[in-house]
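Trainee: So that we are looking at the same thing, I have put the structure below in structure tokens.
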Amino acid sequence: MNPILQDRRLIIFDWDGTLMDSIPTICRCLTHAFAYAGLADRGEEQYKEIIGLGLGDALAVLAPDADENLRSRILEGYRNCFFATPAVDMPLFPGVEQAVIALADAGFQIAVATGKARRGLDKVLSENPHLAGCISASRCADETRSKPDPLMLEQLLDHYALTPEAAVMVGDTVHDMEMAVAAGVLPLGVLCGVHDTQRLTQAGAALCLPDPRFLIVEGV
């Protein structure tokens, strides 16, 4: 195992852009959602910047002047697109399932902290049962506070009765790193998703790895 995991007991993963190659799908669904609501496309770069946030917080950035009816229309369009997306269009990153299984077999508790809503996470977990079988707890943005607020990590630590020093947070965005810093959890960045090494490091990442498979590689 990677030596940075020494003395850690809990590995908390972000989902989109960390375990699952779903960034193109999210951008496509946001494009559809804004068209569905009769609004101008915000563009892929703006969409990528809000990935990791809960949808409500994302719309506060992407459509700050939208009233409640318009926000509901955007959300309806997004959900219609997302839940119609077949599993083949949202694959796990290569080798990630095997890496997470290896970490669980090595005795680590595995959790997920995601900007997805519970219904969305349940969809992708049901489509990836082997990976889902390793995950013993999860928190979603619609059942707690959105990243970068530390509440979802604090709730996961309470669930396992662990201190922050026993956990690591693995994610691809500055939102993940800022959340981990605020919770006192070790932030580990991965470069397979949205943000690059410079931005992740500036947000507090203690280390940036190419992808989660490198958690099981010694000497990295």
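Trainee: Only helical DSSP H runs with n ≥ 4 go in: add -39500 (n - 2.57) per run for the chain, normalise by residue count and round the 222 nm mean residue ellipticity to 500 deg cm²/dmol.
Mentor: About -12500 deg cm²/dmol.
Trainee: How large is the dipole of the range 151-207 about the Cα centre if only Lys and Arg carry +1 and Asp and Glu carry -1, each at its Cβ, rounded to the nearest 20 debye?
Mentor: That gives the range 151-207 a dipole magnitude of about 100 debye.
Trainee: Say each of Arg118 and Ala40 gets a label point 7 Å from the Cα, pointing the same way as Cα to Cβ; how far apart are those two points in nm?
Mentor: With each label placed 7 Å out from Cα toward Cβ, I get 3.8 nm.
Trainee: So, one more: Take the alpha-carbon centre of the range 38-86, take the same for the range 149-220, and report the distance between them in whole Å.
Mentor: 25
Trainee: Follow-up question, since we're still on this one. Might you tell me the accessible area per residue for the range 1-157, computed with a 1.4 Å probe and given in Å²?
Mentor: Normalised by residue count, the accessible surface of the range 1-157 is 43 Å².
Trainee: Assuming a ≥ b ≥ c are the square roots of the Cα gyration tensor eigenvalues, decide whether the range 125-171 counts as rounded (a/c under 1.5), prolate (otherwise, with a/b larger than b/c) or oblate.
Mentor: Oblate is the answer for the range 125-171, as a/c is 1.5 or above yet b/c matches or exceeds a/b.
Trainee: To continue, here is another question. Using the Cα atoms of the range 173-220, I'd like the radius of gyration and the largest Cα-Cα distance, Dmax, both in angstrom.
Mentor: So, for the range 173-220, Rg and Dmax equal 10.2, 28 Å respectively.
Trainee: If pairing requires two Cys Cβ atoms under 4.7 Å apart, which cysteines of the chain are left without a partner?
Mentor: Cys27, Cys134, Cys140, Cys192, Cys208
Trainee: Round to a whole number: what % of the accessible area of the range 138-220 belongs to carbon and sulfur, probe 1.4 Å?
Mentor: 50
Trainee: Any number yet on Rg/Rh for the range 38-122, C-alpha, Kirkwood?
Mentor: Rounded to two decimals, Rg over Rh is 1.06.
Trainee: Mind checking which aspartates and glutamates have their Cα closer than 16 Å to the Cα of Lys147? Skip sequence neighbours fewer than 8 apart in that chain.
Mentor: Asp14, Asp16, Glu49, Asp57, Asp172, Asp176, Glu178
Trainee: Stretched out fully, how many nm does the piece from Asp67 to Arg199 gain, at 0.36 nm a residue minus the Cα gap?
Mentor: 44.3 nm
Trainee: Given bins 5 angstrom wide, list per bin the percent of all Cα-Cα distances in the range 1-157, short to long.
Mentor: Taking all Cα pairs of the range 1-157, the binned fractions are 2, 9, 18, 20, 19, 15, 9, 5, 3, 1, 0 percent.
Trainee: Right, here's the next one. Out of Asp16, Asp142, Asp67, any idea which swings most in a Gaussian network model of the chain, alpha carbons joined below 10 Å?
Mentor: Asp67
Trainee: What part of the accessible area of the range 74-116, given as a whole %, is carbon or sulfur when the probe is 1.4 angstrom?
Mentor: Percent of accessible area from carbon and sulfur atoms in the range 74-116: 55.
The values are calculated or read from the model by the stated rules, or taken from the named source; none is laboratory data. What you are looking at is a predicted structure, and each value in this text was computed from that prediction instead of being measured. Cβ coordinates were reconstructed from backbone atoms using ideal geometry, including for glycine residues, and neighbour counts include every protein chain displayed. Keep in mind that these areas ignore ligands, DNA and RNA; they rest on the heavy atoms of the full protein, side chains included. Shrake-Rupley method; radii C 1.70, N 1.55, O 1.52, S 1.80 Å.
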